[in-house]
Amino acid sequence: MISLYEDIKKSSRIVVKVGTSTLTYDTGKMNLKRIDTLASVLSDLHNSGKDIILVSSGAIGIAVGKLGLSERPDDTNKKQALAAVGQCELMYLYDKMFSDYNNTVAQILLTKDDIAIPRRKRNTQATFNALLEMGIIPIVNENDTVSTDEIEIGDNDNLSALVASLVNADLLVLFSDIDGLYDCDPHTNKDAKIIPVVYDVDEVRTTAGGAGTKRGTGGMVTKLDAAERATNDGINMIITNGNNISALYDILDGKEVGTLFVSKNHPSHPSES
């Protein structure tokens, strides 16, 4: 076990994914304290020499709150319109808060085609590499304003795993609304126990449920899909609670936090023995 977490300490390129439930209150309004903490912690890690890529949901959810709507619309065109409104608000806030910590951010909006089509994939990778070489923190979201069924990735958990693979990350951290993966649903079972380490995603899929909050679109199912993708591509992944962004420090100090999904390339993985 020690070697697993010692390996995490060595991570130099880290993708962090935050969801709508982390960025907003139950009212739908932005959680400014949480976003400021996110900017502070990521800036500090960046200052220490880490390459940081942030995958951020929240555009539609923030627009719902900004416009005073009672719920997310189901209509595709309205969701795309809200994404356009919310993305402006989200990036304005990120730019301001990261600037307060003397770091520069850049926006990258992706569709499936930007990853699936070889020429566009190479261009996307080149953009990421250039930004990271310039000491800029890329902030990534799906391009919900133009995405349709044919070109959408669908959720930012899987987007974050795709991005981690694109940039050859060492570690992917998904902030969720619970502390990690449990052996049963902790929302309904007080005796649920967290699973600290997972080697085989298929063995734990029966514990997954639906979306965790009304404000988000993901859930444990999409996080397990992301874990399978990341670990197959040689990337360690951790799910932990977005209420404690500062847990990133503990993770990179080699402490046991949340649920660790072990890269298939790690020497301790059963597939490597």
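Which of the residues spanning segment 96-113 are over 18 Å from the mean Cα position of the chain (by Cα) and at negative phi? Quick ask: steps written out before the conclusion?
Residues of segment 96-113 over 18 Å from the mean Cα position of the chain (by Cα): 96-97, 99-104, 113.
Listed by number, the residues that qualify are 96, 97, 99, 100, 101, 103, 104, 113.
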request  = Could you please find all residues in segment 75-122 being of a type outside the set (A, V, I, L, M, F, W, C), free of Cβ contacts under 8 Å to residues at least 40 places away in the same chain, farther than 26 Å from residue 43 by Cβ and part of a loop (DSSP other than H, G, I, E, B)?
outcome  = 75
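Could you identify the single residue in 56, 21 that is under 20 Å from the mean Cα position of the chain (by Cα) and within 26 Å of residue 130 (Cα to Cα)? Break it down stepwise before answering.
Numbers: 21 fails: within 26 Å of residue 130 (Cα to Cα).
Matching residue, one of 56, 21: 56.
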message = Take residue 239 and tell me if it is modelled with pLDDT of 95 or more, touching a Lys or Arg at 6+ places or on another chain (Cβ under 7 Å) and not acidic (Asp, Glu).
response = yes
key: Enumeration of residues in segment 123-140 that are in a helix (DSSP H, G or I) and closer than 22 Å to residue 43 by Cβ   = 127, 128, 129, 130, 131, 132, 133
task = Filter segment 15-43 down to the residues that are touching a helix residue (DSSP H, G or I) at 6+ places or on another chain (Cβ under 7 Å) and among the polar types (S, T, N, Q), then identify the one that is surrounded by the fewest Cβ atoms within 10 Å (Cβ to Cβ).
result = 27
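Which ones in segment 31-74 are among the acidic types (Asp, Glu) and assigned to a loop (DSSP other than H, G, I, E, B)?
Restricting attention to segment 31-74, the residues satisfying the condition of being among the acidic types (Asp, Glu) are 36, 44, 51, 71, 74.
If the condition is that a residue be among the acidic types (Asp, Glu) and assigned to a loop (DSSP other than H, G, I, E, B), then 71, 74 are the ones that fit.
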message = So the check is Cβ under 9 Å with 6+ separation or different chains; which pairs have a first residue in segment 172-198 that's in contact (Cβ under 8 Å) with a residue 24 or more places away in the chain and farther than 21 Å from residue 245 by Cα and a second one that's of a type in the set (Phe, Trp, Tyr) and surrounded by 14 or more Cβ atoms within 10 Å (Cβ to Cβ)?
response = 198/261
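The values are calculated or read from the model by the stated rules, or taken from the named source; none is laboratory data. Everything numeric here is computed off the predicted structure, so don't read it as measured data. Positions of Cβ are backbone-derived with ideal geometry, glycine not excepted, and every protein chain shown enters the neighbour counts.
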